[in-house]
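All of the numbers you see were taken from the coordinates with simple rules; none came from a lab. Predicted, not measured: the structure shown is a model, and the values here were computed from it. Note that we place each Cβ from the backbone using ideal geometry, even for glycine, and neighbour counts take in every protein chain shown.
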Amino acid sequence: MDLTYSHTQSQRILRQRNALAIFAAALGALTILLFVVTVSRDREIVLQPVLRSPLTVSSAGVSREYLEMITRDTVVLTLNRTPQNLEYWMNAVLEITSPRMQGKIKADLLKIVNEQRGSSIAQFFTIENMKIDTENLRSEVSGQLHTIVGSKVISSERRTFRYDWEYSGLTLKLIGFGMVTPEKGEKQ
């Protein structure tokens with residue numbers, strides 16, 4: 001009788017073990033499936049509405065609206081400066097710059113800071129139009145660049161500036177910017 005009881009108990013424990021192993025294998029397969037779906041799925045973060053509509057950032061790419069807003073804010077940051085805000089200006093530009101380009105851009109910015117430090121030259125830019133290329137992550141902004149010495153405007157010239165971007169993960173970073181020089185025979 002003890003042998004029959006012991007055999008029955010062993011069979012019950014084996015069935016429980018087998019059921020647990022099947023359940024663990026099913027959970028493992030479900031975990032792998034969920035991991036694959038999560039990794040391959042586009043991620044989105046909903047941003048607070050700043051202008052005309054709510055914006056989302058997706059791992060699938062940069063939307064035109066988002067690139068336009070970032071370009072607009074970056075233009076204001078990079079092209080509006082006075083001798084009093086040079087340190088802040090340089091640090092703020094470097095914060096939005098891609099880490100791989102910070103050395104080159106910092107060297108260029110330091111030249112400007114050293115030229116303008118102690119002077120009374122300020123500049124500001126008024127945007128007239130903007131071209132956005134989401135495929136190549138490039139923005140071109142045209143408008144009036146005003147230069148002021150003391151309290152007198154000494155020049156106001158139409159200029160076009162190009163901004164190049166890098167999109168990695170869900171982060172858009174600046175990799176280069178500068179004035180576009182018109183080719184010979186082309187009107188600015």
Hey, what number do you get for the chain at 222 nm if only DSSP H runs of n ≥ 4 count, each worth -39500 (n - 2.57), divided across all residues, to the nearest 500? -14500 deg cm²/dmol
Say R0 is 25 Å: what FRET efficiency, to the nearest 0.05, do ALA92 and ILE175 get from their beta-carbon distance? 0.95
Counting other beta carbons within 10 Å of each Cβ, put GLU65, GLU157 in order, fewest first. GLU157, GLU65
On a 25 Å Cα-Cα criterion, which of the cross-link pairs LYS131/LYS173; LYS111/LYS131; LYS111/LYS173 come out too long? LYS111/LYS131
Dipole in debye (nearest 20) - the stretch 57-180, about Cα centre, beta carbon charges: Lys, Arg +1; Asp, Glu -1: 320 debye
Of all trypsin sites (Lys or Arg not before Pro) in the stretch 95-188, which ones are in loop regions per DSSP and have a Cβ with at most 13 other Cβ atoms within 10 Å? ARG117, LYS184, LYS187
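Relative contact order, percent, of the chain when contacts are C-alpha pairs under 8 Å separated by at least 6 residues?
Value for the chain: 14 percent.
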Among TYR66, ASN114, PRO99, whose Cα sits farthest toward the positive end of the charge dipole of the chain (+1 at Cβ of Lys/Arg, -1 at Cβ of Asp/Glu, about the Cα centre)? PRO99
May I ask which residue of LEU14, THR126, LEU30 lies farthest towards the positive end of the charge dipole of the chain, with charges of +1 (Lys, Arg) and -1 (Asp, Glu) on Cβ and the Cα centre as origin? LEU14
Length added when fully stretched, ILE127-GLU115, from 0.36 nm per residue minus Cα-Cα: 1.8 nm
Given (1) 18.5; (2) 26.1; (3) 14.4, the label whose value is mean projected area of the Cα convex hull in nm² derived from this model: (1)
Under the 7 Å Cα-to-Cβ spin-label approximation, ARG41 and LEU77 lie apart by a distance in nanometres of 3.1 nm
